[in-house]
Structures are given as C-alpha cells and as structure tokens.
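Engineer: Here it is: the structure, laid out below.
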Amino acid sequence: MAKAKILIVEDNPIVALEIKSALKKLDFDITDITNSFKDTLNSIIKEEPDIIMMDIDLGDEKDGTQIAQEIHKSKNIPILYLSSFSDDETMEKAFDTNPVGYLIKPFKREELKTTIMLALFKINKLEYENINQDHTYIGFGYYFDLKNRKLYYKSQQIRLGLKERQLLSALILAQGNTLSAEELEYKIWIDNAPSESSLRTLVYRLKVKLGCKIIEVSYSNGYKLTYKT
Amino acid sequence: MTKNKFLFFIFFFTTIIYGKSISVDNNISQYELLSQSEIYIDNTKSLSFEEIDTMSIEFQSIDKTQLSFGYSPDFNVWIKFTLENRTNKDLFKILEYENSMTTHITLFDTQTNEVFKDGLFQINKNRKTVNPIFELRLKPYESKTYYLKISSYITTMIIKLNLWEVHSFYREELKHQSILELFFGAMFILAVYNLFVYFFTKDKSYLFYVLYIFGVISHHLMYVGIGYIYLLKPSWIEYIIHLSSFIVALPIFALAFFTKSFISLRQYPKLNKILEIYLWIFPFLVSLFVLTDFLNKYRNIFTVILLLYLVFLAIYASLKKNRQAYFILVGWLIILIGGMSMYLSSTGVLNIYKHYPYIVETAFILEATLFAIALADKINRLQKEKENINQRFIAQQESEKERLTLEVKNKTRDLQEALNKQTILLKELNHRVKNNMQTIISLLRLQADEVDDEQIEGIFITIQNRINAMSHLHELLYKQADITHINAHEYFASVIDGLQNSYENEIDIYYDIQVELDVEQAISCGLILNELVVNSFKYAFEDEADNGIINIELYKEKDIFYFNISDNGKGYNPTTSSHSFGLTLVNNLVTNHLKGIIQIDTNKGVKTQIKWKDNG
C-alpha cells in the first residue's frame, strides 16, 4: 500500500511543523503546508492529497469549514479538523461538511494517531479485519460490542472512557428512542447526581471522538442515536 | 339700603293759608293730599288733639308731595287737611299713608271726634294692605277737617298721603302685592336652587350667595311692609325693628363673603386682609346700634362703608382682569342704575318711578340672576380647568411612560451589546490561550522529537501532561458562563481521560467527586491529580495484568476539603523514592498554595490524603 498523502492547512508555523513531524513519525507523506484558501486549492490540484488536516481559524478571508465546502464542490477529499474551537456553533458548522474527525487543540499525539487511522479506515486506505457479527452497527461505520463495551470503527477499536462507554451503551440499548437528560444521568452516575453541564460535557467528548453527528441532541427532550448509514 | 336715597330734610316756610279745603268727588280715583295740607311740628311732643284743635296754632302750608324727616325724628308732626264733598251723595274714600315704616300715625276726625290709629307699632288688625290706611266718609256737600299726628320711633319718617276712590285703591293694592309676591317668589326660588347647588358642589361661594339672597329677601320684606302684615305678629315687630341694623347688615355681610370667595380675593393679599379684619369687627360695630338708640341716625354707616369697599374691590379686581369681578361689577351697575333712577325719580328729573315703581325689585332679581349665572360660569370654568389639568397630567404620564420604555429599551440594547461584545471577547481570549498552549506543547514535542534518550522523552511527556491538565481547565471555563468556579467532577474526568489516553493501560480509575472549586484551587488540584495518577500509572503496577485500580474522591465537609487518591499497587519506599519531583510539586502545591496538609501512606498501595480549609 502506498503511503497516504496528507495536506496540512495550518497558519501557526510551529504547530504546522509539529503536526508534520508527528505524521512523519507515523510514516505518512506530507504533501504541503498551506495557510490560505488560494494556496490550499493550488496545492490540492498539484499534489492530490488523500486527506487534509484542516485548521479552522486561519486569519484568512475563508475559514477552514468554508475551504472544506469549496474543496468538496470539485473533489471528494476527506477532511480532518484540528482546531482550538470547541463551541457548539463552530463544531456544528464543521460537522456539516462531513469530516472524518474533529480534534481539539491542544491535541495529543495519540489522539492524532487514532483519528488519522480512523480517517484512513473510513476512506478505505487501510485494510481491516472481518467485522464481528456480534457487534451492533450504530451508523457512520461504527460498531459497538455491548458485551465488552468496546467501540470499533469497522474493525479498528476506538478507546473510550468509562462514562463514555456507559453513555454509548445506554443510547444503543434505547434503540433509537430519545432518553431524557435525567434518565441518562441516572444510568451513568446512579446515585451521585452530577452538575448540570456534566452530561453535556460527556456527550461533547464523545462527539469529538467520533467526529460526527452520531448523537442527536435536543435540549428540551433529551438524546438519541441518529443511526445514519 | 336704597332707603338712604330718601334722606331729605326739607324745611320750608310759605305763606300761611287758612280754611283751604280740597274738593273731592267720585270721578277722580286718586288725589295727592300732602301738597294741599298744612303742617305743624310739635317739638314738645306733648300737645294733644284737643290742644291742637282749640289753640290757635299756626299751621304752615307744605306744597310738597312728600316729606322726609330721617330716622326717629325727635318731634311729632301734625298734618291738617280739609275735605269737601261736592256731590250730593255720601263719599267713601281711603286715605293711604304711603309708607309702611312710620311707627305711629293717628287720625282725628274733628266732626265726630273719632280717633283712628295705625302705623308700624300699632297696625290695624283688619288691615291687609302694605301701607297704613284710614277709611273716610263724607256726607253730601259736607266739608270736614282732619288731623294726622305722626311720629316715628327708630324708623325713618317719610310722609306721603293719597286719597283713593275705594275700588281703585284695592285694585292698585292687589296689583302691588302680586308683583311683590312675584319678586319674593323669584328670589326664594333662586336661593333654594342655589342652596342645592351648594350641597352638590360644596363651593362656599354658593352658600354665601344663598345667604345674601335670604338677607335681601328678609330686608325687603321689612322694607316694603309685606313682612309686617303677613309674617310677623304685631308684638314681634317692635323687637324686630330694634334689630333693624342687623337686618340691613346681614345681606351686605353675606355679600362680602360672597365677593371674597367668588373673586378669589386671596390673590390680592393686602385687600383680603383688610376685608377680613373688617368682617371680624363688623358684627360688633353693628351690635352697638342694638344696644343704644342714641346713634340711630348713623346705624347704617358701617354697612355703607363695607358696601363701598366691596364696590372698590369689584372695580379693582376688574382692572386686574379678574373674570368673576366683571360679573360682580355688572351686578353693582344694575343696582346703581336702579338706585339712580329711583333717586332721579324722587327728585323729579326722571319720571320712570311713577310708571314703573318696581325698579329696586327688578334690579335685585337681575343682580341675583346674574350672580347665579356667574357662579355657574365659575363652576364651568373650574371644571374645564380641572379637565385640562387632568388631560395634561394623563398626557404627561403617557409621555413619561413612553420615555421610560424607550430608555429601558435603549439601556437593554446597550447592555445586550456590551454583553455580546464581552462574550465575543472572552471567546477570542480563550481561543488564543488554547492556541498558545498548543504552540507551547508543539514546541516541546518538536524538541522531544529530536531526542532519542527515553528518559528525556519521558520528562517531555510529563511536562506535556502537566500543561494538558491546565489546558483542560481552560477548555471547561471556555464552555461555561461562570468563570470563577468549576465543576471538579467534569474537570477531573477530562484530566483522567487525557491521562488514560496518554498511558495506554488497563488500569481502572474510579472517582466520586461532587464539589465545585474556585479556579485557583482547581489549577492546583488538577496538577496534584495529574502527578499522583501518573505516579500510580508509572510505578504502582509492574505489568498491565495487575488489575490495577485507582480510587479518587474529593468532597467537602464544613468548609474543609478532603481529597484522597489511592491505588492497590505495590506501594513504594518513601526513603528511596525515584519519583521525587512529582511529589515535591504536590507537597509544594498543598502546603504553599492550598495551605493544607498532606499525608502519604505507602504500606498497602499508595494512599494520599490531602485536606485544606476553603477560604472562598
């Protein structure tokens, strides 16, 4: 298999350099580092990258999500966001462009590694093992092993925290029905009522890890899985 | 009051004519007698009819149709006249003494020696006429001489004599009384009507007006004589006459109060003060005349002064453009015209009074009606003013409300704008902090990439984890509204999650955290948590199959925070510890920053207990 080619769109040269260094260690090809819409488009045409690491705030006329939209008009290159924004508004905007992942700065290299691997799985750049028939399919290529409470993207395991595992299995067991915040809080924390924002924070962490809108949030009603294919 | 117009003292002497007789018949309905009679003034007040008749007293001719002697003249007046029946029939005539106020009138018939008495203090019981009358009877061709003895106590003495044909007299008398009743009826209705208006409006002007009208009515009842005949018992009359100064003063007194309140005299403080003082002493001044008869001639002087002052006030206020004062002034003008025409009539310049003798009554009714209209006008105007004020007030309230609403709107918008700006600013700031942290971490990692030494690499990872622990706090602060406190559970969860991702192992971490921390404490706690968990990860469990468990609890009891971390690992020997820097950091943070106490038990796994007092 040929090395995956990755384009880095990042306006901070130190951060760009570090991403490049980290990805090289993981044995990827870095086609280019750009920091504007124009350069990015030119580079894409010239180098034809397999995947794009996209910063959102570029200080340019177009931000990362807008560049992604422009790219998707002509080419179907998967986008992996890497941004310090973690507000709902920006994240929703990013998720609208169907990214293969969303990393929050400051990122960890382990996260970068797993997310990139996931992204490559998603675009079939990597081979994957047979899918275990016992696993429950939850959409977007994700499978969940209810018995051992493990999450897979196809055959690639994705590490989840304890509470994240509890949240996901509760939502899967609800089979697409909406669970209220109170119900979820009770299932996850049992006796120790958490603060108001705990559940939201937990849902947010899971969403960031999966990099997609797998959980539908309605603040008035509650939470449910979307089961999109 | 108009009485004063009649005050004339007439003394005149003309040629004495004896035996002059007045021929009478049935064809002429009314003879004027006085000018054809003779007069004698008895200053001794002691002469009797017999003495007058027998003594050769020199009567003097009069040549006047009316004689006035003023208040309570101190003499008796004798009038002598002779009537001659020129017809061949008996003649019945009525002698009218045309003044109701004279107190004593006595008629002597020289032929029959009969004596007839009348006058205010000795009213003939059968009389229903306003003025004293005497019935005279003359046989065919008979010539008869009569004497009238006239005196007046207290009241004014005015002498006017008419000889009437009987039917003509009663016809005229009936007409006269009807007109007077009409006058009294009209005045009474005005008074009662305005009394009710007073009850409804509570405007004192009305009350004074009503008092004034009643005063005028009672005075006029006395003045024209109706009151003596129909309303008062003869025995009361003398008593009432004693109070005549009050009867004259009462309407003026009421009028003064009416004027005062009606033209709002308070706006002219000096004039108001003068009137008030005068009104205070006025009753005492008037009372003087009741106590003594001596000053009777001047008994109305204070009333006249008050009257003049009221006229002055009306003129003054009119000049000051006081609308109400115009009405009062016109009222005075009406009274003045009435008085003037009466005066002119009595002096013979004008002849109105003869054709229309009710000028005074008409003037009073006109004045009373005018005042009633003026009052209605005043009430109307006050009401309009009140309405205007109300409307202005409402309009003002409306505009004030609008202004406030607008202000609230503007302020709210400003605040909202400021808040939005603040929110954007805060977001921008956090964004930059996180970007900077990323840059720091990137620099560290770039440097670490250049190093092959595993130990040095480990150091870099440790530093990264410490920076990460702080950046998690920022991430949480960035996502919540309150930037002074943080939910420790969420914070610890993200730190632990980060560590678990960083050290891929199968160690289970259980945590039970239910407190809020202020940001300062949270930074220290995050770093302490980071160090202790990393220590356990690194040193407590030799291989991953150990089923390692780390327990974390943080709770608060009565201002004391308890923060316990323990693992089920192998523990370590505190004296030969190779991971001392992390512990030094923890010790330092606990004692210097949290001002707390730390206790580490390494016998059975590692058990760290930290407690500190919450100062926030």
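Engineer: Out of (1) farther than 19 Å from B:Arg432 by Cα; (2) out of contact with any helix residue (DSSP H, G or I) (no Cβ under 6 Å at 6 or more places or on another chain); (3) in contact (Cβ under 8 Å) with a residue 24 or more places away in the chain, the odd one out for A:Asp11 is which?
Structural biologist: Tallying (1) farther than 19 Å from B:Arg432 by Cα; (2) out of contact with any helix residue (DSSP H, G or I) (no Cβ under 6 Å at 6 or more places or on another chain); (3) in contact (Cβ under 8 Å) with a residue 24 or more places away in the chain, A:Asp11 fails exactly one: (1).
Engineer: Does the stretch B:494-503 contain at least one residue that is surrounded by fewer than 21 Cβ atoms within 10 Å (Cβ to Cβ), facing chain A (nearest Cβ under 10 Å) and outside any helix (DSSP H, G or I)?
Structural biologist: Yes, some residue in the stretch B:494-503 is surrounded by fewer than 21 Cβ atoms within 10 Å (Cβ to Cβ), facing chain A (nearest Cβ under 10 Å) and outside any helix (DSSP H, G or I).
Engineer: Need at least 2 residues that are in contact (Cβ under 8 Å) with a residue 24 or more places away in the chain, in the same structural domain as B:Ile22 (by TED's automatic domain parsing) and farther than 27 Å from B:Thr87 by Cβ per element, so show me which strands (runs of 3 or more DSSP E) inside the stretch B:104-183 make the cut, counting only ones lying wholly within it. Give the steps one after another, and end with the answer.
Structural biologist: Numbers: elements: B:104-109, B:115-118, B:133-138, B:143-151, B:156-159, B:161-165.
Hits in the stretch B:104-183: B:104-109, B:143-151, B:156-159.
Engineer: Which of the residues that make up the stretch A:61-101 are away from chain B (no Cβ under 14 Å), under 17 Å from the mean Cα position of the chain (by Cα) and β-branched (Val, Ile, Thr)?
Structural biologist: Scanning the stretch A:61-101 gives A:Thr65, A:Ile77, A:Ile79, A:Thr97, A:Val100.
Engineer: May I ask you to verify whether B:Glu475 is within 10 Å of another protein chain (Cβ to nearest Cβ) and within 21 Å of B:Ala493 (Cβ to Cβ)? Don't jump to the end; show me each part of the working.
Structural biologist: Details: within 10 Å of another protein chain (Cβ to nearest Cβ): yes; within 21 Å of B:Ala493 (Cβ to Cβ): yes.
Yes; evaluated as a whole, the condition is true for this residue.
Engineer: When you go through A:Leu173, A:Leu225, A:Leu179, A:Leu199 one by one, which is the residue that is within 22 Å of A:Tyr102 (Cα to Cα) and either away from every other protein chain (no Cβ under 14 Å) or modelled with pLDDT of 80 or more (or both)?
Structural biologist: Numbers: A:Leu173 fails: within 22 Å of A:Tyr102 (Cα to Cα); A:Leu179 fails: within 22 Å of A:Tyr102 (Cα to Cα); A:Leu199 fails: either away from every other protein chain (no Cβ under 14 Å) or modelled with pLDDT of 80 or more (or both).
None of the other options fit; the residue is A:Leu225.
Engineer: Next question, about the same structure. For B:Ala469, indicate whether it is part of a helix (DSSP H, G or I), more than 57 Å from the chain's Cα centre (by Cα), surrounded by 17 or more Cβ atoms within 10 Å (Cβ to Cβ) and within 10 Å of chain A (Cβ to nearest Cβ).
Structural biologist: Values: part of a helix (DSSP H, G or I): yes; more than 57 Å from the chain's Cα centre (by Cα): yes; surrounded by 17 or more Cβ atoms within 10 Å (Cβ to Cβ): yes; within 10 Å of chain A (Cβ to nearest Cβ): no.
No.
Engineer: From (1) more than 21 Å from B:Val360 (Cα to Cα); (2) out of contact with any Leu (no Cβ under 8 Å at 6 or more places or on another chain); (3) surrounded by fewer than 18 Cβ atoms within 10 Å (Cβ to Cβ), pick out the condition that doesn't hold for B:Ser143.
Structural biologist: With (1) more than 21 Å from B:Val360 (Cα to Cα); (2) out of contact with any Leu (no Cβ under 8 Å at 6 or more places or on another chain); (3) surrounded by fewer than 18 Cβ atoms within 10 Å (Cβ to Cβ) applied to B:Ser143, the lone miss is (2).
Engineer: Could you go through the stretch B:436-457 and let me know if any residue there is exposed (fewer than 15 other Cβ atoms within 10 Å of the Cβ), part of a helix (DSSP H, G or I) and among the hydroxyl-bearing types (Ser, Thr, Tyr).
Structural biologist: no
Engineer: Before we move on, is B:Ile463 outside the structural domain of B:Phe541 (by TED's automatic domain parsing) and among the β-branched types (Val, Ile, Thr)? Step through it out loud before you land on a result.
Structural biologist: Details: outside the structural domain of B:Phe541 (by TED's automatic domain parsing): yes; among the β-branched types (Val, Ile, Thr): yes.
Against the criterion (outside the structural domain of B:Phe541 (by TED's automatic domain parsing) and among the β-branched types (Val, Ile, Thr)), B:Ile463 qualifies.
Engineer: Looking only at helices (runs of 4 or more DSSP H) that lie completely in the stretch B:221-330, which have at least 2 residues being modelled with pLDDT of 85 or more? So that I can check it myself, show each step before the final result.
Structural biologist: Numbers: elements: B:226-230, B:234-242, B:244-262, B:269-291, B:301-319.
Ranges flagged: B:244-262, B:269-291, B:301-319.
Engineer: Any idea how many residues of the stretch B:22-61 are in contact (Cβ under 8 Å) with a residue 40 or more places away in the chain and among the β-branched types (Val, Ile, Thr)?
Structural biologist: Of the residues in the stretch B:22-61, 5 are in contact (Cβ under 8 Å) with a residue 40 or more places away in the chain and among the β-branched types (Val, Ile, Thr).
Engineer: Can you tell me which residues in the stretch B:442-458 are among the polar types (S, T, N, Q) and at the interface with chain A (Cβ under 7 Å from one of its Cβ atoms)?
Structural biologist: Start the filter on the stretch B:442-458 by keeping residues that are among the polar types (S, T, N, Q), which leaves B:442, B:447, B:455.
If the condition is that a residue be among the polar types (S, T, N, Q) and at the interface with chain A (Cβ under 7 Å from one of its Cβ atoms), then B:Ser442 is the only one that fits.
Residues checked against (1) at pLDDT below 85; (2) in contact with a Phe, Trp or Tyr (Cβ under 8 Å, 6 or more places away or on another chain); (3) assigned to a helix (DSSP H, G or I):
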| residue | (1), (2), (3) |
| --- | --- |
| B:Asn505 | yes, yes, no |
| B:Leu527 | no, no, yes |
| B:Val534 | no, yes, yes |
| B:Glu542 | yes, no, no |
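Engineer: Now for a different question. Pick from the stretch A:134-166 the residues that are outside any loop (DSSP other than H, G, I, E, B) and charged (D, E, K, R): which of them is farthest from the other protein chains (Cβ to nearest Cβ)?
Structural biologist: Kept after step one, since they are outside any loop (DSSP other than H, G, I, E, B), are these residues of the stretch A:134-166: A:136-139, A:142-145, A:150-153, A:156-158, A:162-166.
Checking the rest, the ones that are also charged (D, E, K, R) come to A:145, A:150, A:163-165.
On the way: A:Asp145: 16, A:Lys150: 12, A:Lys163: 7, A:Glu164: 8, A:Arg165: 12 Å.
The selected residue is A:Asp145.
Engineer: Further question on the same structure: Does A:Ser21 satisfy being in contact with a helix residue (DSSP H, G or I) (Cβ under 6 Å, 6 or more places away or on another chain) and either polar (S, T, N, Q) or under 24 Å from B:Glu428 (Cα atoms) (or both)? Spell out the reasoning first.
Structural biologist: Numbers: in contact with a helix residue (DSSP H, G or I) (Cβ under 6 Å, 6 or more places away or on another chain): yes; either polar (S, T, N, Q) or under 24 Å from B:Glu428 (Cα atoms) (or both): yes.
Spelling it out, A:Ser21 is indeed in contact with a helix residue (DSSP H, G or I) (Cβ under 6 Å, 6 or more places away or on another chain) and either polar (S, T, N, Q) or under 24 Å from B:Glu428 (Cα atoms) (or both).
Engineer: Out of curiosity, is B:Leu425 of a type in the set (A, V, I, L, M, F, W, C), part of a helix (DSSP H, G or I) and surrounded by fewer than 18 Cβ atoms within 10 Å (Cβ to Cβ)?
Structural biologist: Considered against the rule, which asks whether it is of a type in the set (A, V, I, L, M, F, W, C), part of a helix (DSSP H, G or I) and surrounded by fewer than 18 Cβ atoms within 10 Å (Cβ to Cβ), B:Leu425 comes out as yes.
Engineer: Let me ask you something else. Could you list, in sequence order, all residues of the stretch A:105-116 that are touching a strand residue (DSSP E or B) at 6+ places or on another chain (Cβ under 7 Å) and facing chain B (nearest Cβ under 9 Å)?
Structural biologist: A:Lys105, A:Phe107, A:Glu111, A:Thr114
For (1) crowded, with 16+ Cβ neighbours inside 10 Å; (2) in contact with a helix residue (DSSP H, G or I) (Cβ under 8 Å, 6 or more places away or on another chain); (3) within 13 Å of chain A (Cβ to nearest Cβ); (4) closer than 22 Å to A:Arg159 by Cα, each residue gets a yes or a no:
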| site | (1), (2), (3), (4) |
| --- | --- |
| B:Leu529 | yes, yes, no, yes |
| B:Ser536 | yes, no, no, yes |
| B:Asn547 | no, no, no, yes |
| B:Ile598 | yes, yes, no, no |
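Engineer: Sticking with this one: In the list B:Ser178, B:Ser168, B:Ser152, which residue meets the criterion of being within 28 Å of B:Asp53 (Cα to Cα) and either within 47 Å of the chain's Cα centre (by Cα) or small (Gly, Ala, Ser) (or both)? Write out each step before concluding.
Structural biologist: Values: B:Ser178 fails: within 28 Å of B:Asp53 (Cα to Cα); B:Ser168 fails: within 28 Å of B:Asp53 (Cα to Cα).
Just a single option satisfies the conditions, and that option is B:Ser152.
Engineer: Kindly indicate the residue of the stretch B:483-493 that is surrounded by 22 or more Cβ atoms within 10 Å (Cβ to Cβ) and more than 7 Å from chain A (Cβ to nearest Cβ) and also farthest from A:Trp189 (Cα to Cα) among those meeting that condition.
Structural biologist: Per the stated criteria, the residue is B:Ile486.
Engineer: Among B:Thr412, B:Thr439, which is the only one that is β-branched (Val, Ile, Thr), away from every other protein chain (no Cβ under 14 Å) and out of contact with any Cys (no Cβ under 9 Å at 6 or more places or on another chain)? Even if it seems obvious, please write down each step before you answer.
Structural biologist: Working: B:Thr439 fails: away from every other protein chain (no Cβ under 14 Å).
Exactly one of B:Thr412, B:Thr439 is β-branched (Val, Ile, Thr), away from every other protein chain (no Cβ under 14 Å) and out of contact with any Cys (no Cβ under 9 Å at 6 or more places or on another chain), namely B:Thr412.
The values are calculated or read from the model by the stated rules, or taken from the named source; none is laboratory data. Quantities reported herein were computed from a predicted structural model and do not represent experimental measurements. No Cβ is skipped: glycine too gets one built from the backbone with ideal geometry, and neighbour counts run over all protein chains shown.
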